[in-house]
Amino acid sequence: MTKAADFRKRFYPDVSAREWNDWRWQLKNRLTTAEQIGRLFELTEPERTALSMPDSFPTAITPYYASLLADSPLRKTMLPSPAEKTVGAGETPDPLGEEPCMVADGLVHRYPDRVLFLTTHYCSAYCRYCTRSRLVGRHAARAEPMKDRWEKAFAYIAAHPEVRDVLVSGGDPLTMADETLDYLLGRLRAIKHVEMIRIGSKVPAVLPMRITPALMKTIRKHHPVYFSLHFTHPDEMTPETAKACERIADAGVLSGSQTVLLKGVNDDAETLKKLMHELLKHRVRPYYLFQCDPIEGSMHFRVPVAKGIELINALRGHTSGYAVPTYAIDIPGGGGKIIVADQRCVGRDGAFLLLKNFENDIYRYPDPVE
Ligand SMILES: *Cc1c(COP(=O)(O)O)cnc(C)c1O
């Protein structure tokens, strides 16, 4: 029996496997209060306090994901902490400076050839370190697709032939109904110069039952579609999530994972390596490892960049290149993503470049001097 199935029997004895595996049931029964969560596992005093703090970013956890949390570091990513009320230096509500780059309602155009399309403000579960906590989860109690607000974005993309890549995000687009996604992807596909569509989602980790054969049938109508999936910790790779990843790959969707480096959650080399290996086993290619964005009240999650570089160094060369994501910082103020890495060119000796390998030995490489 899987951990989730065991949890269902114990805490939801009246709920059938069929209901549990229905993603709409999971959304309807999300846990949002201390009372609901406290029924499932013992809350600490700080957690209890944080859950009753006014004006906080909402808490919402699918019953499925709750089944993984009690004894996992993932718990910190879902349950609020009083530390969220401390705003650290440089922390802002819109750390990536997306608002000034909004070219239409929900459409961010920062890079020359691609756009970020925020299609819904709803997620099935809310990450405490959410970079868009200024937008998501505030209003909609249910997945309200902002269909009427998409027209201006479609018009902008259609009028800008340089846009060849549309990153559909939110909120979590995979919380929308199949028909709504079909409509959205169809409208984007109808624009001739849109070469590829990406969907950003955490659904395979927090609501894997959403990845139904019908959903994947809908998605594959609109190929090439890529998924950018949010994964945090190897505890997420349950049999349920593994199956979801396999369905995604079998539908011909290429998936990259995006992981946020989080203090006390995944900031050690063994945990990261295990996560990357689990992802590759299920045909998800590690894409980015992100430094945690300076959203207000996120200081307790941030790991020094020097440590992040150390962690990436523990992967590069020590395991498959496919298992090594690109370590990046999305620079505050709208600078965009930059890659951070150790300097491997450590000097020059005449016609030779001095290079430091993964074991920190120095090698010579003949490099033409112009
Ligand atoms: C991250 C991001 C993208 C996509 O960047 P890639 O490096 O191509 O994955 C596009 N637009 C915005 C505004 C982004 O933040």
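Could you grab me the full set of residues in segment 338-351 that are within 16 Å of the ligand (Cβ to nearest atom) and open to solvent by less than 60 Å² (accessible area, probe 1.4 Å)?
Selection gives Val340 alone.
When both residues are 6+ apart or on different chains and their Cβ atoms are under 9 Å apart, which pairs have a first residue that lies in segment 209-232 and is more than 13 Å from Ile248 (Cβ to Cβ), and a second that is of a type in the set (A, V, I, L, M) and open to solvent by 30 Å² or more (accessible area, probe 1.4 Å)?
Pro224/Met196; Pro224/Leu254
Name the residues in segment 185-218 that are touching a Lys or Arg at 6+ places or on another chain (Cβ under 9 Å), of a type outside the set (Asp, Glu) and in a loop (DSSP other than H, G, I, E, B), would you?
Once the filter is applied, which keeps residues that are touching a Lys or Arg at 6+ places or on another chain (Cβ under 9 Å), of a type outside the set (Asp, Glu) and in a loop (DSSP other than H, G, I, E, B), segment 185-218 yields His193, Val194, Ile211, Thr212.
Among the residues of segment 327-337, are any of a type in the set (Val, Ile, Thr) and open to solvent by 30 Å² or more (accessible area, probe 1.4 Å)?
Within segment 327-337, one or more residues are of a type in the set (Val, Ile, Thr) and open to solvent by 30 Å² or more (accessible area, probe 1.4 Å).
Return the only residue of Arg75, Arg132 being within 16 Å of the ligand (Cβ to nearest atom) and either without any contact (Cβ under 8 Å) to a residue 40 or more places away in the chain or surrounded by fewer than 22 Cβ atoms within 10 Å (Cβ to Cβ) (or both).
Arg132
Could you pull out the residue among Thr326, Thr319 that is within 16 Å of the ligand (Cβ to nearest atom) and of a type outside the set (A, V, I, L, M)?
Going through Thr326, Thr319 in turn, the sole match is Thr326.
Could you run through segment 79-99 and say how many residues are more than 30 Å from Glu42 (Cβ to Cβ) and either in contact with a Gly (Cβ under 6 Å, 6 or more places away or on another chain) or free of Cβ contacts under 8 Å to residues at least 60 places away in the same chain (or both)?
Selection size over segment 79-99: 4.
Listed residues Lys274, Lys192, Lys243, Lys281; which is more than 24 Å from Ser67 (Cβ to Cβ), away from the ligand (no atom under 15 Å from the Cβ) and either open to solvent by 10 Å² or more (accessible area, probe 1.4 Å) or at pLDDT below 95 (or both)?
Result of the check over Lys274, Lys192, Lys243, Lys281: Lys192.
Of all the residues that make up segment 259-271, how many are in contact (Cβ under 8 Å) with a residue 24 or more places away in the chain and open to solvent by 50 Å² or more (accessible area, probe 1.4 Å)? Before the answer, list the steps.
In the first step, residues of segment 259-271 are kept if they are in contact (Cβ under 8 Å) with a residue 24 or more places away in the chain; the result is 259-269, 271.
After this cut, where a residue has to be open to solvent by 50 Å² or more (accessible area, probe 1.4 Å) as well, the list is 263, 268.
The number of residues fulfilling the criteria is 2.
Tell me, yes or no, whether segment 353-362 has at least one residue that is open to solvent by 80 Å² or more (accessible area, probe 1.4 Å), in a strand (DSSP E or B), over 30 Å from Leu116 (Cα atoms) and among the β-branched types (Val, Ile, Thr).
yes
Going through Gly347, Gly308, Gly333 one at a time, which residue ends up being on the phi > 0 side of the Ramachandran plot and at pLDDT 95 or above?
Only one candidate passes the filter, namely Gly347.
Given the options Pro304, Pro286, name the one that is under 23 Å from Gln343 (Cβ atoms), of a type outside the set (Lys, Arg) and under 18 Å from the mean Cα position of the chain (by Cα).
After ruling out the rest, the residue left standing is Pro286.
Look at segment 89-129 and say how many of its residues are more than 16 Å from the ligand (Cβ to nearest atom) and open to solvent by less than 10 Å² (accessible area, probe 1.4 Å).
Going through segment 89-129 one residue at a time, the tally reaches 5.
May I ask you to list the residues in segment 47-72 that are in contact with a Leu (Cβ under 8 Å, 6 or more places away or on another chain) and open to solvent by 30 Å² or more (accessible area, probe 1.4 Å)?
Hits for segment 47-72 are Leu51, Ala70.
Hey, does segment 164-178 have a residue that's surrounded by fewer than 19 Cβ atoms within 10 Å (Cβ to Cβ) and without any contact (Cβ under 8 Å) to a residue 40 or more places away in the chain?
Yes, that holds for at least one residue.
Go through segment 230-276 residue by residue and tally those that are under 19 Å from Cys292 (Cβ atoms), in a helix (DSSP H, G or I) and touching a Pro at 6+ places or on another chain (Cβ under 6 Å).
The number of residues fulfilling the criteria is 2.
The values are calculated or read from the model by the stated rules, or taken from the named source; none is laboratory data. Quick caveat, the model's predicted, so the values are computed rather than measured. With ideal geometry, Cβ positions are generated from the backbone for all residues, glycine too; neighbour counts draw on all protein chains shown. What goes into the accessible areas is simple: the full protein's heavy atoms, side chains included, and nothing from ligands, DNA or RNA. Shrake-Rupley method; radii C 1.70, N 1.55, O 1.52, S 1.80 Å.
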